[in-house]
Each structure stands twice: as structure tokens, then as C-alpha cells.
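Attaching a single structure in C-alpha cells format; questions to follow.
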Amino acid sequence: MEITTDRLILRRLQEADREAYFDMMSNANVMNPIPRPIMSREESDKSFDKHRVSDFTASDKIILATVRKDTKEFIGVSAFLTNDEGDPEIGYRLREQFWRVGFGTEIAHALIDYGFQKMKSGIITADCCSTNAGSKKILGKTMRFSHEFWNEEDNCFDRRYVTSYEEWLNHRTTNLLY
């Protein structure tokens, strides 16, 4: 599985991504807004290995490396998940030095397009912690707010965003995204 945008490639994790993955997972500025604890080297390597060898056909969690097209530098991860209601969910996490340059929005658009066009999803959702200003901004641009709920695992209130295929087509046309 590979997804491309104007500036990015979303693809399977590769061994060359390991150091940058650890840089992201051990950075409190990246992990705190999720909120998740930072990872030790051992925890990061275990997580990396699990996602690098996962069988996409037998999993409800697909984690992809996100790399710049021009430099091939690992900038973060992108994900297809299943939420607590059984609906398709997208996710992303970026290394701090790649924040605020539009990559999050570009990733969200690519994942939503792929979810509708290739995975034939009827709706697509995304969750973020209610205090995560960056993700709320990204998701608010691409999806509609659905509801807020208590996330027991992360011990925080999450906001759920959702879009149907029809809403997405209208959004793309209205905002001339492509």
C-alpha cells in the first residue's frame, strides 16, 4: 500500500525509519497532546517492529510511514484504524519539526480520499484529544465535529469528527482541494 500527495508518500515502515520514529515517539511535545507517554528506546523499537511487519490484510490497524517526496525523510506516521463504534478512523502523528507547514491537512485529505476511493468506506472518522489545538484545526477543516466523549484509555475527553462520502465530495468541490 502506498499513497502519494503533492509533497508526501505514505508507505510501509522501513528499517531506515527507525531512528526518526524514535525521535517522534520520545518527544514529549509530540506525545503529550495525544495524550500518550513518551516511549523509551525499547518501547519505541517494539512499537516500530510491530507496525513494520503487520499484515495489512488481517488487521484493523494500518500504520504507514509518512515521508517527504523530495528528500525521502521520515516526518511521521499515518494510520487507518477502527474506532470504538466499529467505524473507519484515520490518524496521523508528525515529528515536531514538521508541524505548521500543512502536512497534517495534506495527510488527512489523502487518507480520506484513499478511504473512500480504495477502501470503499461509507464514512470516515477521526478522534483527537479535546485540548489538541493542532489536530482540532486540521480535522475541523476537513470533517464535521460529531461529539465529545471520555476516552478511558487516554484519560481525556476526545472530539470525534466524521465525514460521509457525499460530504467529502462537496468539501472537495467547495474548497477546490484538488
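If you average the sequence gap of Cα pairs under 8 Å that are 6 or more apart and divide by the length of the stretch 126-170, what percent do you get for the contact order?
About 42 percent, as a whole number.
Another question, if that's okay. Could I have the simple spin-label model distance between Asp60 and Ser26, label points 7 Å from Cα toward Cβ, reported in nm to one decimal?
For Asp60 paired with Ser26, the spin-label model returns 3.3 nm.
Run the numbers on the stretch 31-178 and let me know its relative contact order in percent, using alpha-carbon pairs under 8 Å that are six or more apart.
Over the stretch 31-178, the number comes to 17 percent.
What distance in nm separates the two pseudo spin-label positions at Thr173 and Arg7, each 7 Å out from Cα along the beta-carbon direction?
2.8
Another question, then. What is the local net charge at Ser26, summed over the other residues whose Cβ is closer than 15 Å to its Cβ (Lys, Arg +1; Asp, Glu -1)?
Net charge in that neighbourhood comes out at -1.
Okay, next question. Tell me the net charge near Leu81. Cut-off is 11 Å between Cβ atoms, Leu81 excluded, with +1 for each Lys or Arg and -1 for each Asp or Glu.
That sum, taken over residues with Cβ under 11 Å, equals -4.
Separate question: Based on the Cβ-Cβ distance from Thr131 to Arg68, what FRET efficiency comes out when R0 is 22 Å, to the nearest 0.05?
0.20
Can I ask one more? Across the chain, what fraction of all alpha-carbon pairs, as a whole percent, falls in each successive 5 Å bin from zero upward?
Distribution as computed: 1, 8, 17, 22, 22, 18, 9, 3, 0, 0 percent.
On to the next question. Is there a quick way to get the dipole size of the chain? I mean about its Cα centre, with the Cβ of Lys and Arg at +1 and of Asp and Glu at -1; what is the value in debye to the nearest 20?
Magnitude of the dipole: close to 600 debye.
List the lysines whose Cα sits under 19 Å from the Cα of Lys61, skipping any in the same chain fewer than 8 residues away.
Partners found: Lys46, Lys50, Lys118, Lys120.
Below 10 angstrom from the Cβ of Phe145, what's the summed charge of the other residues (Lys, Arg +1; Asp, Glu -1)?
Net charge in that neighbourhood comes out at +3.
Now, a different point. Name all residues of the stretch 120-162 having a backbone nitrogen under 18 Å from the label point set 7 Å from the Cα of Ile38 along its Cα→Cβ direction, giving them as ranges.
Label zone hits: none.
Values in this text are rule-based calculations from the coordinates and carry no lab data. These figures come from a predicted structure and were not determined experimentally. A quick note on method: Cβ atoms are made from the backbone with ideal geometry, for glycine too, and the neighbour counts reach across all protein chains shown.
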